[in-house]
Structures are given as C-alpha cells and as structure tokens.
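**Q** Attaching a single structure in structure tokens format; questions to follow.
The values are calculated or read from the model by the stated rules, or taken from the named source; none is laboratory data. These numbers were taken from a predicted model, which means no experiment stands behind them. A quick note on method: Cβ atoms are made from the backbone with ideal geometry, for glycine too, and the neighbour counts reach across all protein chains shown. Only protein heavy atoms, including side chains, enter the accessible area calculation; ligands, DNA and RNA are left aside. Shrake-Rupley method; radii C 1.70, N 1.55, O 1.52, S 1.80 Å.
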Amino acid sequence: MAAASQAEYELLLEQAKALTAGESDWIANTGNVSALLKAGMKNVNFAGVYRFEKGELILGPFQGMPACVHIQLGKGVCGKAALEKKTQIVDNVHDFPGHIACDSASNSEIVVPVFNRDGNLWGVYDFDSTNLDNFDDLDQKYLEQIAAVALGN
C-alpha cells in the first residue's frame, strides 16, 4: 500500500518544486517540504530530515512528535539508509533489528537518503506511519524525487 496515489504524488512533487523555487535555504525548504508531505500523505505521523554532519545524523526540520536528535550511522532505519546510501522500506518496524522507537505509535517506515549536488550524502528524509505496511515502491519513487527537490537538486 502506498501513502499516496501516483496522481497525489505528482501534485506533491509540483507543489514541492513551487515551494522551493528560488529559495536556497535548506532549513526553509526541508521544513516546508516536511509539512507538505505530512499533510499530503496518508497515515504519516512523522515527516522530517536528518542531516549528515560530523559522522552522524542530526535532526533537522520535521513534522510530528519529538524525535531522536542524534543517530549513528548503521543504527535504526535512518542510520542503515545513510550507511548503505539506499532507501529503506520497513513494513513493520517492530521486526527491524535495532529499530529506534522515537514515537511508539509508529509501525512502518521509509527512509530516503539525500545527496548534495556533488553526489555526497547530505542526510536522510524519514517518514513514519501508524499503519503497518504503509509504504511501497511508489512512495520510494516519488519521495526520492521530492527529497532531491527539497535540497535544490
């Protein structure tokens, strides 16, 4: 099951482009895109970024309950996505070894690595859902595009 339909994602992508057009500040852009996605996706209780800095992921703009501030590479779904530089889709976070439970209401998760213009890891975009199995390949396809837009790539 996807958190949005293809038509909804196409609209979200266009809205993300419009929100970030002409703005270079990553905090403003990722904040606005996080708000857009949390409001536009189904059953999402967290949408936000962690930036890669000084060898770890550090919480950036987000929408949702308070979140973990520091995540080590390889730890949890976010740390695994950053370490492997590959999107992670977890149907049931309770079955994920080493899952970091910031919000006990979360049941599934997708984490998309984000790269700067030089192709280096910038951080990750993290989305949690209260539903099991809330994310699929359609989410991955569009969230990877929207995450790149949020950074002006």
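**Q** Carbon and sulfur together cover what percent of the accessible area of the chain at a 1.4 Å probe radius? Before the final figure, lay out each step's value.
**A** Details: 3640 of 7170 Å².
Result for the chain: 51 percent of the exposed heavy-atom area is carbon or sulfur.
**Q** Can you tell me the dipole magnitude for the stretch 1-124 around its Cα centre, using point charges on the Cβ only (Lys, Arg +1; Asp, Glu -1), in Debye to the nearest 20?
**A** 200 debye
**Q** Something else now. Can you list the residues, at least 5 places off or on another chain, whose amide H is less than 5 Å from the amide H of N45, using H built in the peptide plane?
**A** Distant-sequence amide H within range of N45: D128, S129, T130.
**Q** Could you work out the local net charge near K42, counting Lys and Arg as +1, Asp and Glu as -1, over the other residues with Cβ closer than 14 Å to its Cβ?
**A** Values: positive: K38; negative: E8, D128, D133, D136, D139.
Around K42, the surrounding residues sum to -4.
**Q** Another question about this same structure. How much net charge surrounds G79 when only the other residues with a Cβ under 13 Å from the Cβ of G79 are counted, with Lys and Arg +1 and Asp and Glu -1?
**A** 0
**Q** Compute the orientation-averaged projected area for the chain from the convex hull of its Cα atoms and round it to one decimal in nm².
**A** 7.7 nm²
**Q** Rounded, prolate or oblate: which fits the stretch 46-110 when a ≥ b ≥ c are the square roots of the eigenvalues of the alpha-carbon gyration tensor, with rounded for a/c under 1.5 and prolate only if a/b beats b/c?
**A** Since a/c reaches 1.5 but b/c is at least a/b, the shape of the stretch 46-110 is classed as oblate.
**Q** Can you tell me how much longer the chain between A105 and D118 gets when fully stretched, taken as 0.36 nm per residue apart minus their C-alpha distance, in nm with one decimal?
**A** 1.0 nm
**Q** Let me see the P(r) profile for the stretch 88-147: every Cα-Cα distance counted, bins of 10 Å, each bin given as a percent of all pairs.
**A** 23, 49, 25, 4
**Q** Could you do me a favour and compute the accessible area per residue for the chain, 1.4 Å probe, result in Å²?
**A** 47 Å²
**Q** Using the 2.2 N^0.38 Å rule of thumb for compact globular proteins, work out how the stretch 1-52 stacks up: its C-alpha Rg over that value, please.
**A** Dividing the Cα Rg of the stretch 1-52 by 2.2 N^0.38 Å gives 1.16.
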